[in-house]
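The values are calculated or read from the model by the stated rules, or taken from the named source; none is laboratory data. In this text, all values refer to a predicted model and were calculated from it rather than measured experimentally. Cβ atoms come from the backbone with ideal geometry, glycine included; neighbour counts cover every protein chain shown.
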Amino acid sequence: MRASSVFYAVLVSIITVFVSSFLILTPVHGASCPSTGCVQGGGTLNVNVTPTTGSSPLQISYKVSLTGSSAIKTIVLNFGDGSSVNSVANGTHTYQSAGNYTGTVDVDAKDGTSYTQTFSVTVTGSIGANVFNATIPNPDNGTMNAYKYFLQKHNNTLAATSQVPLAVQTDAPSYSQGDTVIIRGTVKDVSNQTAVTLRVFNTLKNMVSIAQLIPASDGSFSTKVLATGPLWTKAGNYTIIAQYGPATNSTTSFQYGGGDGSSKISAPPTNSRFALQTSAGTFNIPYTIRGGTVQNMQLDGKSHVLTITINAPSDGSINVDIPRAFMDSKQQISIPTGPNSTSTTQVNQAELPDQPFTVQVGGQSAQVTEIKTPTTRTLGISFHKGDTTIDILGTVSVPEFGPIAALVLAIAIVSIIAVSAKTGLRLMPKY
């Protein structure tokens, strides 16, 4: 009898210990938690997701942290769109299509405690899907074409809406040994901390240079490559391949005269700005020139011609940034005119598609490279030794100080002299 009692007592103790251990070691996931943090046991789970709304494709950033006496052992994130990730507490995820998504975060702590927290993301459709025939609500109790709305979102310019995803260009179409090759470009849609990869290949398809750089906030990027050294010996057509992300790329090319393999370095290009006075204010025109100097810049507002006067002791090139607010070149449309015409069409030059500038060096057509952004157009122009003028012809420009302004100034001076003579007012101090 006593042996049976001892046996039952031992059996009860074993069962009690086993059940207690099971309850301690088995994770118990909590119910949905508030956005301020999920509290279980002695720890707090915090899930931060931003942004939670936006148009597709929408990239979110997430950060998961556990505060308290324990630390994260395992973590599983389900984004609600069929995608999930393990063991990653910080990162990004992209929702490719519109919808309302509910994601979950499951965390097991090292002390055996488990947590579950949900988050919601709302993704709207892309406005570009039906841009030409869709309509959107208007505060004026009407509707407007989505194309016009798209223009408004890009400062009412087609330059932004038609900008290519990735563009790359050099500051000149040709180079000699020792020259500095300036590579510039733009990215239309910038992704956080994604670098542009630039590779330069010679005429034999051998890579002679490689670089990576992060675009600026406006999507622009630039770098310099020295065309010298043992890799820069072959003359011919060189190619630059720009890569941004897994699928976006762009190419450009330039002519190289060849080298002897030495590390010869020519004089670096000159970077400066020219202040141009107009009736619309002062425009500082940035430029980079090699093989010469800029003597003057002058705008003919009536003909929309920017004339750059240079001193060129050798062959060279100039790279000039032209603000669109200063001068631009647009495709022109024909508007019916005459006594029987009833057209009331008003053309906004900013909405017209771009067309190339007409560029002449010394009265002859010149080879030009170009990089475009919504606010500027950067032209790369070659010139020869002895050239003195570069004419850039557009279709629209700001008015310069013309004859009317000069007449107004003359009238003002005459009036001041007349008033001074009548009143005895002296313009100069009497000593």
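For segment 205-220, name all the residues that are modelled with pLDDT under 90 and either more than 24 Å from N271 (Cα to Cα) or among the hydrophobic types (A, V, I, L, M, F, W, C) (or both).
Once the filter is applied, which keeps residues that are modelled with pLDDT under 90 and either more than 24 Å from N271 (Cα to Cα) or among the hydrophobic types (A, V, I, L, M, F, W, C) (or both), segment 205-220 yields only A216.
Please give the number of the condition A216 fails out of (1) under 16 Å from the mean Cα position of the chain (by Cα); (2) crowded, with 17+ Cβ neighbours inside 10 Å; (3) of a type in the set (G, A, S).
That leaves (2) as the condition not met.
Outside any loop (DSSP other than H, G, I, E, B) and modelled with pLDDT of 50 or more: is that true of A167 in this structure?
Yes.
Under 6 Å by Cβ, and 6 or more places apart or on different chains, what pairs join a residue from segment 207-218 that is closer than 15 Å to Q243 by Cα with one that is small (G, A, S) and surrounded by 12 or more Cβ atoms within 10 Å (Cβ to Cβ)?
So the pair list comes out as Q212/A195; I214/A195.
Residues in segment 188-195: is at least one under 30 Å from T307 (Cα atoms) and either outside the structural domain of I381 (by TED's automatic domain parsing) or not in a strand (DSSP E or B) (or both)?
No: segment 188-195 contains no residue that is under 30 Å from T307 (Cα atoms) and either outside the structural domain of I381 (by TED's automatic domain parsing) or not in a strand (DSSP E or B) (or both).
Considering only segment 196-215, state which residues are in a strand (DSSP E or B) and hydroxyl-bearing (S, T, Y).
T197, S209
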